[in-house]
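Input: a single structure, listed below in structure tokens.
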């Protein structure tokens, strides 16, 4: 995908504070913010991040072929410099301009929340396509141009603005009219989604996560709320009425935006009741206005009911056929690494749950399908260089809801795995060696299933889900929980 744009057009559009060293016509062929990946003809964006300042890499970017800079101060580099108040804000403006505002040509629906984003986007993509509407997807697993497409790596849940706008242009150029996208709090806070025009926004829930970055739950809420604050008249919002932040989200939605709430416990526009679990999935009664249906999902857990309600609410507001939408949900087995049953005897489930709320929901679901004469075993750890306050909370949840626990590593990153484990163990009331096991090596921890679990037991391996890597202090290695389990029972 070749895109060229005159630097003069960029200067006129983004309204900089000052321009230095610009004297002749220059064509911009690409956008970069990583000096090591800069190519000839790029404009280099000097972003200030958590660990590095792009202004320090401007000379290297020039050496690699950059022909102009977007920066926040004048630099000692002999090349055109467009000086702005905030490169973090302007990178989104520049990216949308460079790729010709692709979301103006797409029905874009954003899904945000602590848990459930990946599943809801995948369900919605299936619903759109079952209704004979082409639909692309962007999220944690990458992006897909259709349900049958393979995942293309997107690096982040919501990519940085240049990659995001380039992907959206591919979707627009392919004449795909709909896109569902996971929208992370980091992306909203860092303006990666700036100049994305959303026709719909969905809230799954808001529970503790990313406090290493946001510091407080109020900050976390404010980041998520940006998706809803920026909706325009005629767009729609879908809100989880059972979430404790629901009223705060509803309060920031502008007038003229259509709103549907969904829930199980609290009164909502779209409701589920008479919920029943089995090893085959979860069933419930669905109710919306005069519509009443009994729905049987192949997916399991109360969280699956919430995810289905969110997707159905969005499909209603998108004017899609309800019968078709329900039918495709009933045929859907689930999403990779989300309550994925990898072995049957004992039943071993791999799930991405890596927050207190996520772990609690998944363990409660696993308990529902654990035989009375079987044990529920939980294998989990917590990520390093992330919110440490959730570690004892997750330990306490596993202690309360599991019969046996194996505490191990997740992605320790630069932290000592034993220290992370110690933090988790402070949440466990009694370290009984008959039910609490500690093994820092995740591979060995998973292999302990053979020794500890009996045929009727249910084992939850939580934290990494679809991930096929583990981030250690000095390197990233290939590691896939699902592969480890399958190899164990070959």
Review point. Before we move on, is residue 441 out of contact with any strand residue (DSSP E or B) (no Cβ under 8 Å at 6 or more places or on another chain), at pLDDT 95 or above and closer than 15 Å to residue 398 by Cα?
Key: no
**Study point:** Which listed residue is touching a residue at least 60 places away in the same chain (Cβ under 8 Å) and closer than 29 Å to residue 302 by Cβ, from 103, 193, 140
**Key:** 140
Check your understanding: Taking the stated definitions as given, is residue 157 in contact with a strand residue (DSSP E or B) (Cβ under 7 Å, 6 or more places away or on another chain), assigned by TED's automatic domain parsing to the domain that holds residue 304 and either modelled with pLDDT under 85 or in a helix (DSSP H, G or I) (or both)?
Key -> yes
Check your understanding: Can you tell me how many residues in segment 2-21 are free of Cβ contacts under 8 Å to residues at least 60 places away in the same chain, farther than 20 Å from residue 86 by Cα and part of a loop (DSSP other than H, G, I, E, B)?
Key -> 2
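Quick one: which strands (runs of 3 or more DSSP E) lie wholly within segment 241-345 and hold at least 1 residues that are under 30 Å from residue 488 (Cβ atoms) and outside the structural domain of residue 203 (by TED's automatic domain parsing)?
Per the criteria, 340-344.
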Review point. Residue 294 passes all but one of (1) modelled with pLDDT of 95 or more; (2) buried (at least 19 other Cβ atoms within 10 Å of the Cβ); which number fails?
Key: (2)
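Each row is one residue, and each column tells you yes or no for (1) in contact (Cβ under 8 Å) with a residue 12 or more places away in the chain; (2) outside any loop (DSSP other than H, G, I, E, B); (3) in the same structural domain as residue 14 (by TED's automatic domain parsing).
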| site | (1), (2), (3) |
| --- | --- |
| 74 | yes, no, yes |
| 78 | yes, no, yes |
| 88 | yes, yes, yes |
| 108 | yes, yes, no |
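Just to be sure before I move on: is residue 120 at pLDDT 95 or above and part of a helix (DSSP H, G or I) in the structure I sent?
Details: at pLDDT 95 or above: yes; part of a helix (DSSP H, G or I): yes.
Judged against the criteria, residue 120 is a match.
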Practice item. Among what's in segment 194-206 and is at pLDDT below 95 and over 14 Å from the mean Cα position of the chain (by Cα), pick the residue that is surrounded by the most Cβ atoms within 10 Å (Cβ to Cβ). Key: 194
Check your understanding: With (1) out of contact with any strand residue (DSSP E or B) (no Cβ under 8 Å at 6 or more places or on another chain); (2) buried (at least 16 other Cβ atoms within 10 Å of the Cβ); (3) touching a residue at least 60 places away in the same chain (Cβ under 8 Å) as the list, and residue 227 as the residue in question, which single condition is left unmet?
Key -> (1)
Point to revise | Matching helices (runs of 4 or more DSSP H) fully within segment 391-468 where at least 3 residues are under 29 Å from residue 116 (Cα atoms) and in contact (Cβ under 8 Å) with a residue 40 or more places away in the chain | key: 417-425, 442-447
Practice item. Examine segment 34-47 for a residue that is part of a strand (DSSP E or B) and in contact (Cβ under 8 Å) with a residue 40 or more places away in the chain, and state whether such a residue exists. Key: yes
Practice item. Scan segment 272-291 and give yes if some residue there is buried (at least 17 other Cβ atoms within 10 Å of the Cβ), in contact with a helix residue (DSSP H, G or I) (Cβ under 9 Å, 6 or more places away or on another chain), under 22 Å from residue 206 (Cβ atoms) and without any contact (Cβ under 8 Å) to a residue 40 or more places away in the chain, otherwise no. Key: yes
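The values are calculated or read from the model by the stated rules, or taken from the named source; none is laboratory data. Predicted model, so just to flag it, every value in this text is computed and none were measured. Positions of Cβ are backbone-derived with ideal geometry, glycine not excepted, and every protein chain shown enters the neighbour counts.
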